[in-house]
Amino acid sequence: MHGDFIYTVALRLTGNHHDAQDLVQEVLLRVQRGLASFRPGSLEAWLGRITTNAFLDDVRRRRRRPVTRLPDVVELVAPGAPRDATEALARDALPDDVTVALQALPEDYRVSVVLCDVVGLRYDEIADELDVPVGTVRSRIHRGRAQLRRKLA
Amino acid sequence: MTFPSGEHASEHAGELLSALLDDELDVDTAQAVDRHVGRCPECRRELTDIDEARRSLREAAPVIAPPGVITGVVTRRRRATRRGTTLGFAAAAAAAVISLVFADPATVGSSTAQVGAGQKAEQEARSSRDRPSNIRRAELLAAAGNAAAADESRPSFADRAEEAVRDLLEFFG
């Protein structure tokens, strides 16, 4: 199911359900606008690229206008009944270990690792996507995995 | 790339270990890295660690999107379409496709109903004073990305739209 795929990529990139949900909404709008640009091929690769680009656009936007957001942990333990079932579910679902460990990586490493190991792109495809040399991609993926291993150990 | 380079015969494989696991090395380099790992305990250990990190991501089950995350957009879109405001049939068609692609398997069976809703939206759009503009048609045709949809000889816009939806569904099949 492709919705879960997008959501998984979004969660791995953003690290929390709240931001992942926002990212999914943006991705679905972009998918709708981009239907015409889809060419037969890997649908997941296409969706993964759109998700990553939307994420990076958001990161750049935040860098220009930094906003302070309380960490999700605060929301998760905040008192008060959730407004609806969806919200309750999102609150109950703590990010898994992999998602938490990914958040500890520098963003450059995280994006490359997610594109490689979650979306399934090849190094040259990731290099094209991020506009960096293949050697840089290889190095980011390797360092990212090494750090991830230490976090998960 | 050669490994190890002549004057640094003692160097470790480093990031080539990830490239090895990802099948991103040429045959010669892959064999050289393999040989090195065979006689270098440090690189062997690193290869195991990297492999574990790699598999922890690749083998992790997809996270199930909480209900409403995917369908929320589609529902809002359809409501807007029914109001006959800013969204034309192209949006309805795209929404139908998106809901088919992303919705729960349980709701996928209602594709006919969704196409029907699209037709209704298109009829409403036609009955309103502003006929579907050329821009809307262009959107639809672009969305279909298919010569069949551009066939001007077909009798009704609704027919062509339905065909466009089928084309999109095939795209995503």
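Nothing in this text is a laboratory measurement; each read-out follows from the coordinates by a stated rule. The shown structure was predicted, so the numbers you read here are calculated from the model rather than taken from an experiment. Cβ atoms come from the backbone with ideal geometry, glycine included; neighbour counts cover every protein chain shown.
Distance between the pseudo-spin-label points of residue A:151 and residue A:136 (7 Å out from Cα toward the beta carbon): 2.1 nm. Could you tell me the center-to-center distance, by alpha carbons, between segment A:1-48 and segment A:110-141 in angstrom? Each part reduced to its Cα centre gives a spacing of 17 Å. Taking packing as the residue-averaged number of other Cβ atoms within 10 angstrom, the listed peptides B:45-53, A:44-52 run from highest to lowest as A:44-52, B:45-53. The order of the peptides A:27-35, A:4-12, B:20-28 by mean Cβ neighbours within 10 Å, most packed first, is A:4-12, A:27-35, B:20-28.
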